[in-house]
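A.B. asks: Encoded as structure tokens, here's the structure I'll be asking about.
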Amino acid sequence: MTKPRLATLAIIVAALAVIAFAGLSGALLNLMIFMMIIALAAQGWNILGGYAGLSSFGHAAFFGAGAYAMAVLQTRFGVNAWIALVIGIALGALVGAFIGFLSFRSGLKGSYFALITLAFAEVARILANSWNFTGGAAGILLKLQTGLPYLQFADRRYFLLITIGCVAIGLVVSWWLEHSRFGAYLVALRENEQAAQALGVDVFAVKMKAIAISGALTAAAGCLYAQNYLFIDANVAFGSWISIEALFAAIVGGSGTVLGPLIGAIVLLGLGELTKGLSGGIPGMDLLVFGIILVLSVAFSPNGLVMLMKSLGLRAPAKAKEA
Amino acid sequence: MYSPQIVVEALLNGLMLGAIYALIALGLTLIYGVLHIVNFAHGALLTVAMFMVWLVCARYGLDPYLAILVVAPLMFALGYGLQRFIIGPASHGKDNGILLVTLGLSIIIENALLAAFQSDTRTITTDYSFRVVELGPLLLSFPRVVGFGVTIATTILLWLVLHQTDIGKAIRAVAKEKLGASLVGISVPHVYAMTFAIGCACLAVAAGLLMPSFYVSPKTGAAFVLVAFTIVVLGGMGSIPGALIGGLLIGVVEAASSLFLGDSLGQIGIFLIFIVTLLVRPTGLFGARA
Amino acid sequence: MLEVKSLTKRFSGLVAVDQASLSVAKGSITGLIGPNGAGKTTLFAMIAGFLQPDGGSVSYEGRDITALAPHVRARAGIARTFQIVQPFEGLNVQENIAVGAYLHTPDASEAMRQAADIAKRVGLGADLTKGSSDLTVAGRKRLEVARALATQPKLLLLDEVLAGLNPSEIRDVLPLVRDIRDQGVTILMIEHIMQAVMNLCDTVYVLSQGRMIAQGEPKTVCEDPQVIEAYLGHGAAERLRAEQAHA
């Protein structure tokens, strides 16, 4: 397993920034912003689901926490957008710590953990949908105010640049994981919790840190989403669609790898747009394709596109060693 | 405050809706008990069964209850094929793989239905859809009374199949000791697929019971899936009596919480039960295994 | 160094370990033997903190550690290996060992360097970048020991490190165990292979049906009629003695 160098990551980020200013059409610009937001959400999912092996079906809980923090703080309390962003990210970490504390105390993993995260996200969705403070079923409309202090730009390329910056932070966090004690502990407890404990790993503390970082990154994606579309409601912010897209992008791209979530988000959403175009707008076709890709990638490339590319490119006879 | 009569009526109707929940959960818990997998596609497969019932009724004018006789074998075959040729091979026998493959399947099914039928809701109106049964001073919905009866009958039938037939014995053997069963010549992939098929056939029965009083859209099953998981977890993963009692209990809780909290908040009661059960007693009320 | 007092563990009515006591002297190699199902691994799990006992206590360096979590005991200097090897599949040999080394250094390059040293010491020096699933059974046992050593333990609990190895591999591993002790690590080992026990251990404890039935030097213990009966069945000791008298 070769790990990407920081220089490689820098080149990729620079390339993305160049593309952003290469004169994309409005639609493509919007698509790329959306890709970066999903990539960021997927990077968050990947910390917990990929490196620590705790698959969550409810990352909407974090995404929604960020999105609602952004919307509520700005519209109700007149908080500055940048400060709201920071608070939103912190809230994501806090929600993560809350869910993690309850679930990991009880030792939940595997399908139980997946289901309980889904249930938490659903509870959040129902609450946001019926509480006046969060705008109830009508949702929240953010005010259009362009300018750097408002984190909104007349020229959308600058907003894209901000999302790319956040994805870059996500890449660096993942890169750091692969070169740190914390990251080694995450993988160790994913592979064998007992053995990790025997080596002095405080499994509970490590999981708590992982879910907090994971929640923070995905909440950042939620913040950017709210700021980009200027409207959220419970079904958008806490809906299962985002839990699923974050998970899909990470797994299809390669869970537990630095570049997997970014590659997965670009490939999936690119394909999604393609299918939408080809099928002439039949509803659900893009998700149908996502589902098929997920099943195929679990079946034939359990390590994701990143590893598939590596094994095809680097080692001619792919060493398909199943654990 | 509501009059006692309204409360009792609501709870009884909840109990009977709970019976249909139990039927949905029955298939799920059976699959869990034998294959030890969480079948995330269960809700989507329920939607498929409901659309089948709807098609049969709308096209050929069959009564939804009779449609069960047509749809159950179809769902049985679909379930067998899915497990044997897709879920089994694609997941490489890993827990996480199964979870993701069944999640993928549920998304495929839901969106294939969306592409084919759009997101409209469809209903079947029968002359008994709104009929009520009088029980003393209480008025009970006729389709729910039928649902309750058929669920009990189906549970007994399932129990008989598991205990009196060869395939039932093979299923129980595989559930207890996979390796031992395969050593005495039982084909484990076949038994897995048969179990999955029976679980899907239960969904066909539930679909037939739901259609006279409920609607179907491509997302209908998704609404049931967490309810079904709640029942299975509450009753104890893999326990058939657990699923039955859990289902009835959840039906009552849902009726009570939507009576007192309103429809949109009412659902929260179920999720909270789900979360609390998982946190406090993940083995459920009747489960033995951790 | 380690003092185990009347540890008891029940599993749904069945008594797996029944008031077992043992003590391990600093710098010694102490053996724990007994027939299959005697409760050795359960006792080990309680010493390492993976199971909470129903009664009794464990103290280490004079401190009661009965209630401490496994990772806290590991930090205090108790390391264990597992009878069924449990490598981290997604990591290579060096990274596997580094997980242990991280206990005393947060620095990745330092941990990897230590891991390479320890790999060399246990004879895995050539396999650093191999996946743990690519190792032979003997290799994985060595990895198990290496990972435990990387935590710089004062007390090492070895659970059947020799099981599944062929005689020549066993001959290779015996000096390794002795070498570890000579470096100042106290060892408590569960072992089935009597030749190894006789060879290595200073003191041996015998567990049978959850009870400690004998202790002492390996030689005396092996001649203890109770021990022979525990292994070979009731009356076996007498028959053996009779046969020896005839011969």
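The values are calculated or read from the model by the stated rules, or taken from the named source; none is laboratory data. Just so you know, these numbers come straight off a predicted model, no measurement behind them. Counting neighbours? That spans all protein chains shown, and the Cβs are built from the backbone with ideal geometry, glycine included.
A.B. asks: Do we find a residue being aliphatic (A, V, I, L, M), in a helix (DSSP H, G or I), within 14 Å of chain A (Cβ to nearest Cβ) and within 21 Å of B:Phe274 (Cα to Cα) anywhere in region B:72-85?
C.D. replies: no
A.B. asks: Collect the residues in region B:206-224 that are surrounded by fewer than 24 Cβ atoms within 10 Å (Cβ to Cβ) and of a type in the set (Val, Ile, Thr), keeping them in residue-number order.
C.D. replies: Answer for region B:206-224, where residues must be surrounded by fewer than 24 Cβ atoms within 10 Å (Cβ to Cβ) and of a type in the set (Val, Ile, Thr): just B:Thr220.
A.B. asks: Given C:Ala115, C:Ala119, C:Ala111, C:Ala79, which one is part of a helix (DSSP H, G or I), in contact with a helix residue (DSSP H, G or I) (Cβ under 8 Å, 6 or more places away or on another chain) and at the interface with chain A (Cβ under 8 Å from one of its Cβ atoms)?
C.D. replies: C:Ala111
A.B. asks: Can you confirm whether A:Leu144 is surrounded by fewer than 22 Cβ atoms within 10 Å (Cβ to Cβ), part of a loop (DSSP other than H, G, I, E, B) and over 17 Å from the mean Cα position of the chain (by Cα)?
C.D. replies: yes
A.B. asks: Name, by its number, the condition in (1) more than 22 Å from B:Ala193 (Cβ to Cβ); (2) surrounded by fewer than 24 Cβ atoms within 10 Å (Cβ to Cβ) that does not hold for B:Tyr21.
C.D. replies: Checking B:Tyr21 against (1) more than 22 Å from B:Ala193 (Cβ to Cβ); (2) surrounded by fewer than 24 Cβ atoms within 10 Å (Cβ to Cβ), the one that fails is (2).
A.B. asks: If you don't mind, there's one more thing I want to ask. Give me the residue from region A:222-240 that is part of a helix (DSSP H, G or I) and small (Gly, Ala, Ser) and, out of that set, modelled with the lowest pLDDT.
C.D. replies: By that ranking, first place goes to A:Ser240.
A.B. asks: I want to confirm something. Restricting to region A:258-276 and keeping residues that are in contact with a Leu (Cβ under 9 Å, 6 or more places away or on another chain) and among the β-branched types (Val, Ile, Thr), which single residue is modelled with the lowest pLDDT?
C.D. replies: It comes out as A:Thr275.
A.B. asks: Now a separate question. For A:Ala93, indicate whether it is within 14 Å of chain B (Cβ to nearest Cβ), in contact with a helix residue (DSSP H, G or I) (Cβ under 9 Å, 6 or more places away or on another chain) and within 30 Å of A:Phe153 (Cβ to Cβ).
C.D. replies: For A:Ala93, the condition - within 14 Å of chain B (Cβ to nearest Cβ), in contact with a helix residue (DSSP H, G or I) (Cβ under 9 Å, 6 or more places away or on another chain) and within 30 Å of A:Phe153 (Cβ to Cβ) - is not met.
A.B. asks: Considering only residues that are closer than 21 Å to B:Leu78 by Cβ, exposed (fewer than 15 other Cβ atoms within 10 Å of the Cβ) and within 25 Å of the chain's Cα centre (by Cα), which ones fall in region B:171-189?
C.D. replies: The answer is B:Pro189, and nothing else.
A.B. asks: Hey, among the residues in region A:188-205 that are buried (at least 22 other Cβ atoms within 10 Å of the Cβ) and touching a Leu at 6+ places or on another chain (Cβ under 6 Å), which one's nearest to the other protein chains (Cβ to nearest Cβ)?
C.D. replies: A:Gly200
A.B. asks: Moving to a separate point now. Given (1) in contact (Cβ under 8 Å) with a residue 40 or more places away in the chain; (2) buried (at least 19 other Cβ atoms within 10 Å of the Cβ); (3) within 14 Å of chain A (Cβ to nearest Cβ), where does B:Pro282 come up short, assuming only one miss?
C.D. replies: (2)
A.B. asks: Considering C:Ala138, C:Ala163, which residue is aliphatic (A, V, I, L, M) and within 30 Å of C:Val72 (Cβ to Cβ)?
C.D. replies: When all the criteria are applied, what remains is C:Ala163.
A.B. asks: Further question: Using the structure shown, decide if A:Phe98 is modelled with pLDDT of 95 or more, of a type outside the set (S, T, N, Q) and more than 12 Å from the chain's Cα centre (by Cα).
C.D. replies: Spelling it out, A:Phe98 is indeed modelled with pLDDT of 95 or more, of a type outside the set (S, T, N, Q) and more than 12 Å from the chain's Cα centre (by Cα).
A.B. asks: Can you name the number of the only condition in (1) away from every other protein chain (no Cβ under 14 Å); (2) touching a residue at least 60 places away in the same chain (Cβ under 8 Å); (3) part of a helix (DSSP H, G or I) that A:Pro4 fails?
C.D. replies: A:Pro4 satisfies every listed condition except (3).
A.B. asks: Any residue that is over 25 Å from C:Gly216 (Cα atoms) and without any contact (Cβ under 8 Å) to a residue 12 or more places away in the chain - is there at least one of those in region C:84-91?
C.D. replies: Yes: one or more hits.
A.B. asks: How about region A:299-312: which of its residues are facing another protein chain (nearest Cβ under 8 Å) and either at pLDDT below 85 or under 19 Å from the mean Cα position of the chain (by Cα) (or both)?
C.D. replies: A:Pro302 - this is the single residue of region A:299-312 that is facing another protein chain (nearest Cβ under 8 Å) and either at pLDDT below 85 or under 19 Å from the mean Cα position of the chain (by Cα) (or both).
A.B. asks: Right, something else. For a quick check of your reading of the model, give me the residue pairs whose first member lies in region B:92-105 and is at the interface with chain A (Cβ under 7 Å from one of its Cβ atoms), whose second is buried (at least 24 other Cβ atoms within 10 Å of the Cβ) and polar (S, T, N, Q), with beta-carbon atoms closer than 7 Å and at least 6 apart or on different chains.
C.D. replies: The qualifying pairs are B:Asn96/A:Ser55; B:Leu99/A:Ser55.
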